[in-house]
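Step one of this worksheet: look at the structure below.
The values are calculated or read from the model by the stated rules, or taken from the named source; none is laboratory data. The model shown is predicted, which means the values in this text are computed figures rather than measured ones. Glycine also receives a Cβ, built like all others from the backbone with ideal geometry; neighbour counts cover every protein chain displayed.
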Amino acid sequence: MRRLDKKVALVTGGSRGIGRAIALEMADLGANVAINYRGGKEEADKTAAMIKERGVEAFVAQADVSVKEEARGLVDQVIEHFGRLDILVNNAGITRDKTLKKLTDDDWDAVIHTNLNSVYYTVSAVLPSMLQQEFGRIINISSFVGQAGNFGQSNYSASKGGIIAFTKSAAQELARNNITVNAIAPGFTLTEMLAQVPENIQEKILDRIPMRRFGKPEEIARTVAFLAADGDYITGQQINVNGGVYM
Ligand code: NAP
């Protein structure tokens, strides 16, 4: 028996980066895993193959989670395919970094819709099913930037801070139904999102991290897996996995 045998997990933005690492960790623990992507089908198919290598089922669904109907449709598809959904990991996220002087309405809307509104859409869609089964593990990927703020990231920090506040409210409402809701706040983690940051800025960032290295996607994934498999009495928390960049 593996810890998450017979459970079903959905990881939004599970095709690459942190989301892929989370999907594989869930599969290692025996869960059947649905992953979602917006545009990168090839990466999603690669992740699905890696999930299947671990002896569990994979389901791949394209959907833009910033669009209400698509996010809710995604949850419905997963429930229809597997017959249940136990673990929802809201991981899909984007950056559109600019100082406030240069930020456009479109930059603001894209980040808030993708990172924050999507969480409301998927959670509201999965609720009836989790309430009925009296079990649910909802894990939202925030960021230390949602706690500390960051130069050039007013839109991103607002979305990630919003996730933390949402998490605490939802946790209070759903605790009595055995549905836990937690947030994980990664620090700078080695994915394509970080690769977009110019190298000279990356060097400056390293100086700010007490552990003097970037995080690995697997380090975030292991924390998600801990909450899913062993976090029965943990709810409403923000768990920092950040090398000490924010304490
Ligand atoms: P990433 O490498 O850029 O991957 C982003 C993932 O999200 C991809 O699978 C992408 O799919 C998907 N995605 C983006 N927009 C989407 C949408 N509208 N609908 C559905 N899927 C969408 O990012 P990452 O670094 O792994 O980040 C994962 C999460 O961790 C994000 O929420 C991010 O904010 C957070 N985080 C990251 C860091 C870091 O340093 N990397 C630090 C703190 C927090 P497609 O390829 O198909 O677009």
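Across the stretch 206-247, what is the total count of residues that are away from the ligand (no atom under 11 Å from the Cβ) and assigned to a helix (DSSP H, G or I)?
Number of matching residues: 13.
Within the stretch 98-113, can one find any residue that is under 27 Å from Gly231 (Cβ atoms), surrounded by 18 or more Cβ atoms within 10 Å (Cβ to Cβ) and at pLDDT 95 or above?
Checked the stretch 98-113: no residue is under 27 Å from Gly231 (Cβ atoms), surrounded by 18 or more Cβ atoms within 10 Å (Cβ to Cβ) and at pLDDT 95 or above.
Tell me, yes or no, whether the stretch 136-144 has at least one residue that is surrounded by 18 or more Cβ atoms within 10 Å (Cβ to Cβ) and in a helix (DSSP H, G or I).
No, the stretch 136-144 contains no residue that is surrounded by 18 or more Cβ atoms within 10 Å (Cβ to Cβ) and in a helix (DSSP H, G or I).
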